[in-house]
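A.B. asks: Would you mind keeping the following structure in view while I ask a few things?
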Amino acid sequence: MKKILHLLMLFFCFSLVLVSCGEQTNQPTKTEENKETPTVDSYVPTDTILSFSDENESKIITESTYDVSQYTKNAKNDIKPYQLFGNGMCLQRDAINRIWGKATKTAFIAAEFNGKVYYGTVKSREWEIYLPKMNAGGPYELTIISESGRFTITDVYVGEVYLCSGQSNMEFRPQDAGNILKDLYSSSDCVNDKIRMLNLPSYPQEEATIELVNQMKWGSANPTTIKSFSAVGYLFGKHMQEELDCPVGLISAAVGGTSIEFWLSEENVNKLPYT
């Protein structure tokens, strides 16, 4: 009986995701006027369902401020992107991507991606770089460069990125269902390099922080990564990868039993009418 209840719960959750996806599909696509908006680096926008803000376009710096080719030393220990950015990651297509992290003893920062260099800013050893809108594709290399040297993130795709957030129904993993969902990760056709997954572990902190306790790793869809990932999230991502025929990145940030207030900033919580 427990197995049947688990299966029904999973089917119900996945149905809700598909219904939501179907509702978005019926939305109008970008207008011809939007398609004619000037773009960066010969980028050609896709007829996507969702559009993204261009407010950070002015922060994309392509004008050369120094010769990055002179810095060849391995600077892995001196340039530290935040944990979201690592080997095997997926960036959002059709959107301006912000990459950020920390660096020791540096006054400037840059990123080389797909043959082009983009310059960033450094303040109190915190750095950020903005990448222009890009079409889906990959794999690429993203090299972060400072006066300490360079650090390269490999196997990077550009595609659709989804945050799989929620409570226990989103947190539920295929391996928790025993043999009921074993087919999801035991068949040979479950291996898919264009589905990238990242689990955000739950480590409660007494104070707000932008850093995670443990290092995380992106992984492509395979028997090991699928069985320990969100079952609903994986099924949704698998459907979207097949539907859109482009790379899909899935970030699981689900904690059973949490209320919506835990996912809001203190500023937004204080705006709620009952606080």
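The values are calculated or read from the model by the stated rules, or taken from the named source; none is laboratory data. Since we're looking at a predicted model, the values are computed, not measured. Positions of Cβ are backbone-derived with ideal geometry, glycine not excepted, and every protein chain shown enters the neighbour counts. Note: areas computed on protein heavy atoms with side chains; ligands, DNA, RNA excluded. Shrake-Rupley method; radii C 1.70, N 1.55, O 1.52, S 1.80 Å.
A.B. asks: Obtain the nm distance between the two label points defined at Asp183 and Gln215 by a simple spin-label model: each point lies 7 Å from its Cα along the Cα-to-C-beta direction.
C.D. replies: Label at Asp183, label at Gln215, 3.9 nm between them.
A.B. asks: Still on this structure, please answer the following. Go through Lys59/Lys238; Lys116/Lys194; Lys123/Lys227 and tell me which ones have a Cα-Cα distance over 30 Å in this structure. Kindly include the intermediate steps, with their values, before the conclusion.
C.D. replies: Numbers: Lys59/Lys238 34 Å; Lys116/Lys194 23 Å; Lys123/Lys227 41 Å.
Listed pairs above 30 Å: Lys59/Lys238; Lys123/Lys227.
A.B. asks: I'd like the accessible area for Lys80: 1.4 Å probe, protein heavy atoms, all chains in place, Å² to the nearest 10.
C.D. replies: Accessible surface of Lys80 is approximately 120 Å².
A.B. asks: So for each of 109-122, 153-166, 227-240, 59-72 I average, over its residues, the number of other beta carbons within 10 Å; can you give me the resulting order with the highest mean first? Walk me through the numbers on the way to the answer.
C.D. replies: Details: 109-122: 17.8, 153-166: 20.4, 227-240: 22.6, 59-72: 11.9.
Most protected by this proxy first, the peptides run 227-240, 153-166, 109-122, 59-72.
A.B. asks: Let me ask another. Mind ranking 194-201, 265-272 by how tightly packed they are, going by the mean number of other C-beta atoms within 10 angstrom, highest first? Present the calculation step by step, with values, prior to reporting the outcome.
C.D. replies: Values: 194-201: 21.6, 265-272: 9.4.
Answer by packing, highest mean first, reads 194-201, 265-272.
A.B. asks: In whole Å, what is the distance between the alpha-carbon centres of the range 50-110 and the range 165-189?
C.D. replies: Using only Cα atoms to place each centre, the spacing works out to 34 Å.
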